[in-house]
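*Asks:* Provided herewith is a single structure, encoded as structure tokens, for subsequent inquiry.
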């Protein structure tokens, strides 16, 4: 089971991730549950963020291919380009998963938080 500090970190991660539109949900800090956003602004900001990251991933991929063909490029720069391209690839895969399985991820997370709250019998005052 997670410690109180770990639960506080997870709760704050969801809180700030939803506030910054990194996650396509709305976080309720009193019930520790996720819900789908109802404001058009939040949906628009999340979709704009996804589109921005997608185009940055394309630019990074093109840059990776162009720089990988250069023969006299130092090794650390090549490692940097590989790491940067993999980071954008992973980010875009995560956004794709959020797009395809948004409700399933939300219900799974809500079930996990329900289980944690029930197993602690309401002693989650550190999370507030």
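*Asks:* Quick one: which residue in 57, 75 is at pLDDT 90 or above and over 30 Å from residue 3 (Cβ atoms)?
*Replies:* On the way: 75 fails: at pLDDT 90 or above.
Within the list 57, 75, the selection yields 57.
*Asks:* Of all residues being out of contact with any helix residue (DSSP H, G or I) (no Cβ under 8 Å at 6 or more places or on another chain) and in contact (Cβ under 8 Å) with a residue 24 or more places away in the chain in segment 42-71, which is farthest from residue 92 (Cα to Cα)? Just the residue, please. Walk me through it before giving the result.
*Replies:* First, pick out the residues of segment 42-71 that are out of contact with any helix residue (DSSP H, G or I) (no Cβ under 8 Å at 6 or more places or on another chain): 42-49, 51-52, 55, 58-59, 62, 65-66, 69-71.
Subset that is in contact (Cβ under 8 Å) with a residue 24 or more places away in the chain: 45-46, 49.
Numbers: 45: 16, 46: 13, 49: 11 Å.
Ranking the qualifying residues of segment 42-71, first place goes to 45.
*Asks:* Condition (residue is modelled with pLDDT under 90 and either on the phi > 0 side of the Ramachandran plot or over 17 Å from the mean Cα position of the chain (by Cα) (or both)) applied to segment 9-24: is it met by at least one residue?
*Replies:* yes
The values are calculated or read from the model by the stated rules, or taken from the named source; none is laboratory data. For clarity, every value in this text was computed on a predicted model and none was experimentally measured. As a convention, Cβ positions derive from the backbone with ideal geometry for all residues, glycine included, and neighbour counts pool all protein chains shown.
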